[in-house]
Ligand code: SF4
């Protein structure tokens, strides 16, 4: 476990150099988590335009909502970024949606090409808690089911390293209308409470940072 930061450094370098998929824009490069001593793993869908420029996952509007959700249960953005490894189903911006609303869903080929990076991270980190965010990521771990049946619960899932508690969240982007449905925000808050119940260090370290500042 003590070698994890070194292993994740090497992994991040290899991932940042990946050019397996072809994109129209040559500026599209993989976005990689900076966490090296994670307590949990979060898996999103794909970076957006802002993340391509910022080179940090969840750097845009969806990220502001996501970190506001975490702040609601006492977890600061700084601690979330440092102690939650933020992965994704695909690591490169797939482009704008042809409808003009939100981003394009990554193609099946991109998802297949990228799957090995996520598998390798799960193998390295052996996360006790995995937080899939949005439908694509949730399907990766829990299959297809209505979000209302999945969000707000802990799902114990077998992985090669043992069992992980999978606690899903809906996608926080404005493109998702699910969160506005009746009772759905309460399910989101339930997932967040379950996450911090499993990983109380996230709250403790956030409180510590605040008292030092
Ligand atoms: S989407 Fe994944 S597999 Fe494709 S180039 Fe980016 S990092 Fe590589």
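Structure data summary
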| quantity | calculated |
| --- | --- |
| Over the chain: helical MRE at 222 nm, DSSP H runs n ≥ 4 each giving -39500 (n - 2.57), nearest 500 | -13500 deg cm²/dmol |
| Residues of region 45-75 with amide N under 13 Å of a point placed 7 Å along Cα→Cβ from residue 27 | 49-55 |
| With 5 Å bins from 0: P(r) over region 1-82, alpha-carbon pairs, percent | 3, 13, 21, 25, 18, 13, 7, 2, 0 |
| Per-bin percent of Cα-Cα distances, the chain [10 Å] | 8, 36, 39, 16, 1 |
| At 1.306 mPa s and 10 °C, Stokes diffusion of region 127-207 via Kirkwood alpha-carbon radius, µm² per second | 121 |
| 20 Å tail of the calculated P(r), region 61-155, as % of Cα pairs | 48 |
| Paramagnetic reach from residue 154 in region 32-60 [backbone N under 20 Å; point 7 Å along Cα→Cβ] | 38-43 |
| Using alpha carbons only: equivalent-ellipsoid semi-axes of region 92-137, gyration tensor based, whole Å | 25, 13, 7 |
| Size descriptor, Kirkwood hydrodynamic radius, that averages inverse alpha-carbon separations across region 139-180, Å | 11.6 |
| Residue 55-residue 14 FRET efficiency (beta carbon distance; Förster radius 22 Å; 0.05 resolution) | 0.85 |
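FYI, it's all coordinate maths here, none of it is from the lab. No experiment lies behind these values; they were computed from the predicted model shown. We place every Cβ from the backbone using ideal geometry, glycine too, and count neighbours over all the protein chains shown.
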